[in-house]
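Right, one structure below, let's go through it.
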Amino acid sequence: MTSRHLDFYFDFMSPFAYLAFHKVPGICKQYGLEFRPHVVNLPQLKLMAGNTAPPNVSLPLKIRYLSKDLNRWAEEYGLPLTFPKSLASEKLNKAFLYAMTKGEGEAFIRTAWDRVWGKGADLADPALLDELAKQFGWNPDALSAWVSSKDATDQYEASTQAAHEAGVFGTPTMIVGDQMWWGNDRLMFMERTLQQGL
């Protein structure tokens, strides 16, 4: 192996990243890789890559297909899948950065996605952050204040910029060494490469 870690890029608004997350940490353990999650502002990341296409939710034909496809993958993985009321993920994304300072990044991702795509919680609902803070033993007011801070915004923007510089243009994206895979449906190719001793 030329690298001992896997970089996983995600945005909580992405259902395909939700699906991939439930596989990737296990793959990391199987191949002795450190799992390193990185949150990004997906709409901004797309614009930085020159992708100015309208969001999928504004394309009825595409979203109808994607909904069916997502449900196929969720059934394949044995995961619940419920579309949330909102995809306004900025505050939840920033809350992940707070969780990282507490050493609980991976656990936060799992718990937050269970609420959002597993149970359909509204990403924009302040009560969601309060609930998550209490579950992790954090002060809800401290989390809310940090999410609204300049430090949080700066870190969020820096994480998105670093992803762009790494060649990331969508989520989920997985990078090991000089190899990159984009999409939940590329995990099989990633595993095949890892099996060959990347």
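The values are calculated or read from the model by the stated rules, or taken from the named source; none is laboratory data. All values derive from a computational prediction rather than experimental measurement. Counting neighbours? That spans all protein chains shown, and the Cβs are built from the backbone with ideal geometry, glycine included. Keep in mind that these areas ignore ligands, DNA and RNA; they rest on the heavy atoms of the full protein, side chains included. Shrake-Rupley method; radii C 1.70, N 1.55, O 1.52, S 1.80 Å.
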> Only one of LYS91, LYS85 is over 21 Å from ASN184 (Cβ atoms), modelled with pLDDT of 95 or more and open to solvent by 60 Å² or more (accessible area, probe 1.4 Å); which?
Replying inline: LYS91
>> So PHE83 passes all but one of these: (1) of a type in the set (Phe, Trp, Tyr); (2) outside any helix (DSSP H, G or I); (3) touching a helix residue (DSSP H, G or I) at 6+ places or on another chain (Cβ under 6 Å). Which condition number does it fail?
In response: (3)
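Go through ASP114, ASP178, ASP154 for me and flag whichever is under 26 Å from ASN71 (Cβ atoms) and open to solvent by 20 Å² or more (accessible area, probe 1.4 Å).
Numbers: ASP178 fails: under 26 Å from ASN71 (Cβ atoms); ASP154 fails: under 26 Å from ASN71 (Cβ atoms).
Selected residue: ASP114, the only one of ASP114, ASP178, ASP154 that is under 26 Å from ASN71 (Cβ atoms) and open to solvent by 20 Å² or more (accessible area, probe 1.4 Å).
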> In the range 95-106, how many residues are open to solvent by 10 Å² or more (accessible area, probe 1.4 Å) and assigned to a helix (DSSP H, G or I)?
Replying inline: 5
> Among the residues of the range 75-84, is any touching a Ser or Thr at 6+ places or on another chain (Cβ under 9 Å) and of a type in the set (D, E, K, R)?
Replying inline: no
> Does the range 58-76 hold any residues that are at pLDDT 90 or above and open to solvent by 40 Å² or more (accessible area, probe 1.4 Å), and which are they?
Replying inline: ARG64, TYR65, LYS68, ASN71, ARG72, TRP73, GLU75, GLU76
>> Looking for something surrounded by 22 or more Cβ atoms within 10 Å (Cβ to Cβ), of a type in the set (S, T, N, Q) and touching a residue at least 12 places away in the same chain (Cβ under 8 Å) - is there at least one such residue anywhere in the range 42-56?
In response: no
> How many of the residues making up the range 1-40 are out of contact with any Phe, Trp or Tyr (no Cβ under 7 Å at 6 or more places or on another chain), under 17 Å from HIS164 (Cβ atoms) and of a type in the set (Phe, Trp, Tyr)?
Replying inline: 1
